[in-house]
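Worksheet: the structure to be examined is printed underneath.
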Amino acid sequence: MNSFAERMQDLVQAPGVTPLAFVFAFLAGAWHAVTPGHGKTLAAAYLAGSRGRIRDAAWLGGSVAVMHTFSVLVIGVAWTFLSLSSVVRMETLTTWLQVAAGVLILGTGVWMLRRHLHSHSHSHSHSHSRTSRPGLLLLGISGGLTPSPAAFLVLATGLFLGRAAFAVFLVLTFGIGMAGVLFGVGVLAVAGSSLVTGSARSHALLHRATRITPVLAAAGVTLFGAGLVTISALHLTASV
Amino acid sequence: MLLAPAPAAAHPFGDPQTVAISRDPGRPDVVDVRWRVGGPDDLTVLGIALGLLPEGSAARYTDAGVVGGSARFSSYLLERITVSGSSTPCAGAVKPVAALALKGATVSFTCPGPITTATVSVRMLTDLNPAYRTLATGPGGQRNVYDEEHVAHSWTLDGDPPGRGGTVALLALLLAAVGAGFLVVRRVRA
């Protein structure tokens, strides 16, 4: 857990509601999204490969944040009030969520590949379909499915201390911090890919590259999903 | 957060450590405190700190047995968890430990007489790393969080403690709102 998360955790236990707690929650969420995982590379690949727009990047960041908040709330409430830990240990639950995330990503990758190959074999017009919302949504859900330990602990602590509303707002702020970073990464990917596409008109090589990019992106997403499923499954068998 | 940094920072992660405080139904002078470890790695960290496992050893599923069966672990529990009635300390004894990783360990505190309010101190693992927290539950839905700065808390062992119905209702409402919002956004965007 990083020091922003530590400060947020300390403040949820301190008396009173400090605005500073929300600053730390935002920073902790942003930091959490910066650390490996959460499909940043994937999101970038997806947006670049599907000629995403800025609003697609916003949609992606937003869906990760919403899913993450929802996931933390459900698991935090179930853990605190429904003795979730006597049903399933948190390590097992979070590993299964990783498997689920991997399956979603794998599915998205395969679907991207199929869609691209299909559109190529049937027409050579450059009506490449734009970034699709279902694909973005699936990546968003997979990125936010597993709660972050810091957000989970701050919610559980808030619930245990009878400060539910404060803790819920901290978790929301944490999600907004995550969304900010993911949106930023998405905007970079969109800007980068439109730069390449724009200059491709004058360069034959680049032109060819822009036609290969979507396939590479789709293949990358597929491989990543397969890898995540494999690693999580190995983790499950090792911990049993 | 933990001495072994990876599990706390990354997915997947383990439960926080917990204690459950209850009064022995048959004996009004006995308070039971059950400690459950968070992630299994924490038992390894503790085992190393108590000198039961070699320095720098990786987590193994046998660690719980090594730690749970040791007298050093029992004294550690009795040192880090204490119970007192109205200013008189209660004498603790560790119940036989079975399946430490899964079920935890229980310390039974026998007080000088029948007890209705107990002050329970919990300082589990904070000597290893001050960031460790313990989420505690008591009779009638009472809850508290122990950390390095909050080591003692007073628990009501009988009667009706303040209910938390409002909290649960609020959370259910919030969850429903988030879920509904998600669906509406999906509809609008689709």
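The values are calculated or read from the model by the stated rules, or taken from the named source; none is laboratory data. In this text, all values refer to a predicted model and were calculated from it rather than measured experimentally. Note that we place each Cβ from the backbone using ideal geometry, even for glycine, and neighbour counts take in every protein chain shown.
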Worksheet item: In this structure, does A:TRP79 turn out to be touching a helix residue (DSSP H, G or I) at 6+ places or on another chain (Cβ under 9 Å), part of a helix (DSSP H, G or I), aromatic (Phe, Trp, Tyr) and under 15 Å from B:LEU135 (Cα atoms)?
Response: yes
Worksheet item: Somewhere in segment A:37-48, is a residue part of a helix (DSSP H, G or I), crowded, with 24+ Cβ neighbours inside 10 Å and either at positive phi or free of Cβ contacts under 8 Å to residues at least 60 places away in the same chain (or both)?
Response: no
Worksheet item: Can you name the residue in segment B:119-136 that is within 14 Å of chain A (Cβ to nearest Cβ) and of a type in the set (A, V, I, L, M, F, W, C) and is also nearest to B:HIS150 (Cα to Cα) among such residues?
Response: B:VAL122
Worksheet item: When you scan segment B:147-190, how many residues do you find that are modelled with pLDDT of 70 or more and hydroxyl-bearing (Ser, Thr, Tyr)?
Response: 2
Worksheet item: Considering only residues of segment A:71-83 that are facing chain B (nearest Cβ under 9 Å) and surrounded by 21 or more Cβ atoms within 10 Å (Cβ to Cβ), which is nearest to the chain's Cα centre (by Cα)?
Response: A:LEU73
Practice prompt. Find all pairs meeting these conditions: Cβ atoms under 6 angstrom apart; at least six residues apart or on different chains; first residue within segment A:84-100 and closer than 15 Å to B:PRO40 by Cα and at the interface with another protein chain (Cβ under 8 Å from one of its Cβ atoms); second residue in a loop (DSSP other than H, G, I, E, B) and at pLDDT 80 or above.
Written response: A:SER85/B:ASP15; A:MET90/B:ASP15; A:THR94/A:THR146
Worksheet item: Which condition number in (1) within 22 Å of A:ALA33 (Cα to Cα); (2) within 14 Å of chain B (Cβ to nearest Cβ); (3) modelled with pLDDT of 85 or more is the one that A:VAL181 fails?
Response: (2)
Worksheet item: From the list B:SER121, B:SER74, which residue is assigned to a strand (DSSP E or B), surrounded by 13 or more Cβ atoms within 10 Å (Cβ to Cβ) and not acidic (Asp, Glu)?
Response: B:SER121
Discussion item. Please determine whether any residue of segment B:42-65 is at pLDDT 85 or above, in contact with a Lys or Arg (Cβ under 8 Å, 6 or more places away or on another chain) and within 21 Å of A:SER83 (Cβ to Cβ).
Written reply: no
Discussion item. Return the pair list, or none, for Cβ contacts closer than 6 Å from residues in segment B:142-154 that are at the interface with chain A (Cβ under 7 Å from one of its Cβ atoms) to residues that are at pLDDT below 90 and part of a strand (DSSP E or B), at least 6 apart or on different chains.
Written reply: none
